[in-house]
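The values are calculated or read from the model by the stated rules, or taken from the named source; none is laboratory data. Nothing here was measured: the structure is a model prediction, and the numbers come from that model. All Cβ positions, even for glycine, are placed from backbone atoms using ideal geometry, and neighbour counts span all protein chains on display. Side chains are part of the model used for accessible areas, which takes the heavy atoms of the whole protein and leaves out ligands, DNA and RNA. Shrake-Rupley method; radii C 1.70, N 1.55, O 1.52, S 1.80 Å.
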Amino acid sequence: GLQNSIDGRIGLSYQGKSYRPEDALALAGKSKLFVMLGFNDLAVYGIDGTMERWVIFIDRILEKNPDMEIYIQSCTPVHKSSEYNRLNNDIIDEYNVQLAQYCRENGYHFVNIAPYFKDFHNSLVGEYCSDARMHITYDGALVWEYALKAYGEEQLRNMEGENQ
């Protein structure tokens, strides 16, 4: 989660050692970051608190990686049997709207993968759910891969259109 990353409780591994995300990315020397975080934060801190944590998280990344291109992925829905008052699909939908707005306002890319995971009840498709909560199966991982490829193809089409 965002808070765990901010606090240093969860790091990224680089060459066998664990680092804070901003440090691992600086060592790796990459120019693009695809990230999906916020589920755990959303359940604890709500939408506003989670958005505040995004600002801290991204500011730290960009402080050490000023040319990093940021791609933030939406949260997927949860399984209908695991919805509760602090984390349900209506809250996740609103969070994704605010996350997209945050990306637009700050020049980050918003990658909306959530629709690929929704059933007709606006919940996580059962076949993509490994625990009747939010964790995905192998088939769900394939859907995630497909969603990212579809996003990449859309970006290429947009670039080609601009160059014509």
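In this structure, N89 does not satisfy being open to solvent by less than 50 Å² (accessible area, probe 1.4 Å), at positive phi and either over 14 Å from the mean Cα position of the chain (by Cα) or in contact (Cβ under 8 Å) with a residue 40 or more places away in the chain (or both). Note on segment 35-51: among residues that are surrounded by 18 or more Cβ atoms within 10 Å (Cβ to Cβ) and part of a loop (DSSP other than H, G, I, E, B), the one that is farthest from the chain's Cα centre (by Cα) is G38.
Take segment 12-34 and flag every residue that is within 24 Å of I113 (Cβ to Cβ), not in a helix (DSSP H, G or I) and not aliphatic (A, V, I, L, M). Once the filter is applied, which keeps residues that are within 24 Å of I113 (Cβ to Cβ), not in a helix (DSSP H, G or I) and not aliphatic (A, V, I, L, M), segment 12-34 yields S13, K30, S31, K32, F34. Within segment 1-20, residues that are touching a residue at least 40 places away in the same chain (Cβ under 8 Å) sit with their Cβ atoms under 8 Å from residues that are open to solvent by 60 Å² or more (accessible area, probe 1.4 Å) and among the hydrophobic types (A, V, I, L, M, F, W, C), at 6+ positions apart or across chains, in these pairs: G1/I10; L2/I56; Q3/V44; I6/I56; R20/L12.
Pairs linking a residue in segment 32-44 that is farther than 19 Å from E69 by Cα to a residue that is part of a strand (DSSP E or B), with Cβ atoms under 7 Å and 6 or more positions apart or on different chains, are L42/L87; A43/L87. Scanning for something over 16 Å from F34 (Cα atoms), touching a helix residue (DSSP H, G or I) at 6+ places or on another chain (Cβ under 8 Å), among the acidic types (D, E) and free of Cβ contacts under 8 Å to residues at least 60 places away in the same chain, does segment 142-160 turn up at least one residue? No - not one qualifying residue is present in segment 142-160.
Can you tell me which of I70, I92, I47 is closer than 22 Å to Q3 by Cα, among the hydrophobic types (A, V, I, L, M, F, W, C) and in contact with a Cys (Cβ under 7 Å, 6 or more places away or on another chain)? Testing whether each residue is closer than 22 Å to Q3 by Cα, among the hydrophobic types (A, V, I, L, M, F, W, C) and in contact with a Cys (Cβ under 7 Å, 6 or more places away or on another chain) leaves just I92. Q98 meets all of the listed conditions (1) assigned to a helix (DSSP H, G or I); (2) open to solvent by 50 Å² or more (accessible area, probe 1.4 Å); (3) without any contact (Cβ under 8 Å) to a residue 24 or more places away in the chain but one, namely (3). The residues of segment 96-111 that are within 13 Å of the chain's Cα centre (by Cα) and more than 12 Å from Q73 (Cβ to Cβ), listed by number, are V97, Q98, Y102. Check segment 74-81 and report whether any residue there is more than 29 Å from Q15 (Cβ to Cβ), surrounded by fewer than 18 Cβ atoms within 10 Å (Cβ to Cβ) and either acidic (D, E) or touching a residue at least 12 places away in the same chain (Cβ under 8 Å) (or both). The answer is yes; a qualifying residue exists.
Tell me, which residue of segment 5-27 that is charged (D, E, K, R) and under 20 Å from N40 (Cβ atoms) is surrounded by the most Cβ atoms within 10 Å (Cβ to Cβ)?
Filtering segment 5-27 down to residues charged (D, E, K, R) leaves 7, 9, 17, 20, 22-23.
Among the residues that remain, those that are also under 20 Å from N40 (Cβ atoms) are: 7, 9, 20, 22.
Details: D7: 10, R9: 9, R20: 18, E22: 20.
The extreme case among them is E22.
Residues in segment 56-66: is at least one touching a strand residue (DSSP E or B) at 6+ places or on another chain (Cβ under 7 Å), open to solvent by less than 30 Å² (accessible area, probe 1.4 Å) and either at pLDDT 95 or above or of a type in the set (D, E, K, R) (or both)? Checked against the condition, which is being touching a strand residue (DSSP E or B) at 6+ places or on another chain (Cβ under 7 Å), open to solvent by less than 30 Å² (accessible area, probe 1.4 Å) and either at pLDDT 95 or above or of a type in the set (D, E, K, R) (or both), segment 56-66 yields at least one hit.
Within segment 52-85, count every residue that is part of a helix (DSSP H, G or I) and of a type in the set (A, V, I, L, M). Break it down into steps so the answer makes sense when it comes.
Residues of segment 52-85 that are part of a helix (DSSP H, G or I), as a first pass: 52-64, 80-82.
Narrowing the set further to residues that are of a type in the set (A, V, I, L, M) leaves 55-56, 58, 61-62.
The number of residues fulfilling the criteria is 5.
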